[in-house]
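*Asks:* Take a look at this one; I'll ask things after.
The values are calculated or read from the model by the stated rules, or taken from the named source; none is laboratory data. Because the structure is predicted, anything quoted here is derived from the model rather than measured. Counting neighbours? That spans all protein chains shown, and the Cβs are built from the backbone with ideal geometry, glycine included.
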Amino acid sequence: MALVLGLTGSIATGKSTVSSMFANFGIPVVDADKIAREVVMPGKQAYKQIVEVFGKDVLFDDLTLDRKKLGSIVFGDETKRNQLNDIVHPAVREKMAADRDGYLESGETCVVLDIPLLFESKLTHFVDKTLAVVVDEDMQLKRLMDRDESTEQEAKQRIDSQIPISEKAKLADAVIDNNGTVEESFQQLESLLREWSAIS
Ligand SMILES: CC(C)(COP(=O)(O)OP(=O)(O)OC[C@H]1O[C@@H](n2cnc3c(N)ncnc32)[C@H](O)[C@@H]1O)[C@@H](O)C(=O)NCCC(=O)NCCS
Ligand SMILES: Nc1ncnc2c1ncn2[C@@H]1O[C@H](COP(=O)(O)OP(=O)(O)OP(=O)(O)O)[C@@H](O)[C@H]1O
């Protein structure tokens with residue numbers, strides 16, 4: 001029986017870091033953030049709707065989306081964030097399910113869906129098991145500010161737009177504690193995949 005694994009966490013807890021480890025085991029990953037970038041390329045339906053709702057101010061001169069500007073609008077405003085989600089999420093869900101099914105039909109025995117909003121968007125029915133990458137909240141804030149070169153206020157707005165990581169840890173079937181080194185997280189992932197018979 002194939003295993004579909006839902007990988008999640010909160011912003012900057014280390015999902016992408018852990019996600020990149022699955023290649024070591026030959027396990028394919030469907031990346032919701034990547035798909036969410038593809039479906040808002042100029043010409044796509046979601047792109048047109050974003051321009052209709054948020055105006056041309058969220059575009060660069062070359063007409064591509066100014067993601068930083070759109071982020072500064074939606075992360076401080078739940079109503080606007082929900083408007084954006086309503087535009088982008090249906091296209092993301094459709095492509096994610098198609099990619100997952102494509103891998104399963106081609107005979108893969110384990111497929112990972114990397115979905116930051118797995119719990120917020122109630123997408124657990126897409127997967128068999130859930131795995132959350134967790135760090136302490138002060139570590140999350142520090143790594144987010146360092147990575148995005150953002151202020152504490154910008155970082156906190158992004159963190160507050162998701163379910164707290166402590167709650168996601170309780171909701172998930174398993175957690176990877178990513179407070180330590182990347183190598184330590186890799187060891188935890190390897191043990192878990194063995195426990196779940198995803199690798200031998
Ligand atoms: C607002 C946008 C333009 C900001 O782009 P930016 O390049 O700065 O961030 P990026 O897309 O790389 O997302 C970084 C992280 O922010 C968090 N995040 C993104 N969107 C959301 C959201 N709608 N609600 C809560 N958290 C979010 C996730 O943890 C994600 O991993 C972009 O995040 C977006 O289009 N969001 C809506 C689509 C979405 O929900 N994507 C997340 C997974 S489907
Ligand atoms: N174990 C670790 N030790 C040190 N730094 C780490 C570790 N894990 C991740 N990082 C760093 O922390 C930052 C956040 O990690 P990452 O980008 O993987 O998070 P994410 O959960 O995918 O974020 P997002 O929700 O924004 O997509 C990155 O700069 C990454 O290099």
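*Asks:* Pairs, please: C-beta under 7 Å, at least 6 apart or cross-chain, first residue of a type outside the set (Val, Ile, Thr) and more than 6 Å from ligand 1 (Cβ to nearest atom) and in region 62-74, second assigned to a loop (DSSP other than H, G, I, E, B) and at pLDDT 95 or above?
*Replies:* Between residues of region 62-74 that are of a type outside the set (Val, Ile, Thr) and more than 6 Å from ligand 1 (Cβ to nearest atom) and residues that are assigned to a loop (DSSP other than H, G, I, E, B) and at pLDDT 95 or above, the close pairs are LEU63/PRO42; LEU65/VAL40; ASP66/PHE60.
*Asks:* Scanning for something within 16 Å of ligand 2 (Cβ to nearest atom), at pLDDT 95 or above and farther than 17 Å from LYS34 by Cβ, does region 118-128 turn up at least one residue? Walk me through how you get there before you give the answer.
*Replies:* So in region 118-128, the residues within 16 Å of ligand 2 (Cβ to nearest atom) come out as 118-121, 123.
From what's left, at pLDDT 95 or above: 118-121, 123.
Filter once more, keeping what is farther than 17 Å from LYS34 by Cβ: 119-120.
The answer is yes; a qualifying residue exists.
*Asks:* Next question. Being of a type outside the set (Ser, Thr, Tyr), more than 14 Å from SER185 (Cβ to Cβ), away from ligand 1 (no atom under 15 Å from the Cβ) and touching a residue at least 60 places away in the same chain (Cβ under 8 Å) is the filter here, so list the residues in region 126-157 that pass it.
*Replies:* Scanning region 126-157 gives ASP128, LYS129.
*Asks:* Please tell me if PHE22 is of a type in the set (Phe, Trp, Tyr), under 20 Å from the mean Cα position of the chain (by Cα), surrounded by 13 or more Cβ atoms within 10 Å (Cβ to Cβ) and away from ligand 1 (no atom under 11 Å from the Cβ). Before the answer, list the steps.
*Replies:* Numbers: of a type in the set (Phe, Trp, Tyr): yes; under 20 Å from the mean Cα position of the chain (by Cα): yes; surrounded by 13 or more Cβ atoms within 10 Å (Cβ to Cβ): yes; away from ligand 1 (no atom under 11 Å from the Cβ): yes.
It is true that PHE22 is of a type in the set (Phe, Trp, Tyr), under 20 Å from the mean Cα position of the chain (by Cα), surrounded by 13 or more Cβ atoms within 10 Å (Cβ to Cβ) and away from ligand 1 (no atom under 11 Å from the Cβ).
*Asks:* Here is a further query. Only residues that are assigned to a helix (DSSP H, G or I) and surrounded by fewer than 18 Cβ atoms within 10 Å (Cβ to Cβ): list them for region 170-187, please.
*Replies:* Initially, region 170-187 is screened for residues assigned to a helix (DSSP H, G or I), giving 170-171, 182-187.
If the condition is that a residue be assigned to a helix (DSSP H, G or I) and surrounded by fewer than 18 Cβ atoms within 10 Å (Cβ to Cβ), then LYS170, LEU171, VAL182, GLU183, GLU184, PHE186, GLN187 are the ones that fit.
*Asks:* Between ASP57, ASP61, ASP33, ASP86, which is within 16 Å of ligand 2 (Cβ to nearest atom) and of a type in the set (D, E, K, R)?
*Replies:* Values: ASP57 fails: within 16 Å of ligand 2 (Cβ to nearest atom); ASP61 fails: within 16 Å of ligand 2 (Cβ to nearest atom); ASP86 fails: within 16 Å of ligand 2 (Cβ to nearest atom).
Answer to the selection: ASP33.
*Asks:* Also, quick follow-up: Take the conditions closer than 26 Å to ARG100 by Cα and within 15 Å of ligand 2 (Cβ to nearest atom) and apply them to VAL133. Does it pass? Outline the logic, then answer.
*Replies:* Details: closer than 26 Å to ARG100 by Cα: yes; within 15 Å of ligand 2 (Cβ to nearest atom): yes.
Considered against the rule, which asks whether it is closer than 26 Å to ARG100 by Cα and within 15 Å of ligand 2 (Cβ to nearest atom), VAL133 comes out as yes.
*Asks:* Go through ASP33, ASP77 for me and flag whichever is surrounded by 13 or more Cβ atoms within 10 Å (Cβ to Cβ) and without any contact (Cβ under 8 Å) to a residue 40 or more places away in the chain.
*Replies:* Numbers: ASP33 fails: without any contact (Cβ under 8 Å) to a residue 40 or more places away in the chain.
After applying the criteria, what remains is ASP77.
*Asks:* Where the second residue is not in a strand (DSSP E or B) and the first is on the phi > 0 side of the Ramachandran plot and lies in region 107-122, which pairs have Cβ atoms under 9 Å and are six or more apart or on separate chains?
*Replies:* Taking only residues 6 or more apart or on different chains, the pairs are GLY107/ALA2.
*Asks:* Residue check, ALA98 against (1) surrounded by 13 or more Cβ atoms within 10 Å (Cβ to Cβ); (2) part of a helix (DSSP H, G or I), all met but one. Which one?
*Replies:* Exception for ALA98: condition (1).
*Asks:* Being of a type in the set (Gly, Ala, Ser) and assigned to a helix (DSSP H, G or I) is the filter; apply it to region 5-40 and report the residue that is nearest to VAL135 (Cα to Cα). Full working, then the answer.
*Replies:* Of all residues in region 5-40, those of a type in the set (Gly, Ala, Ser) come to 6, 9-10, 12, 14, 16, 19-20, 23, 26, 32, 36.
Checking the rest, the ones that are also assigned to a helix (DSSP H, G or I) come to 16, 19-20, 23, 32, 36.
Working: SER16: 14, SER19: 15, SER20: 18, ALA23: 23, ALA32: 21, ALA36: 24 Å.
Per the stated criteria, the residue is SER16.
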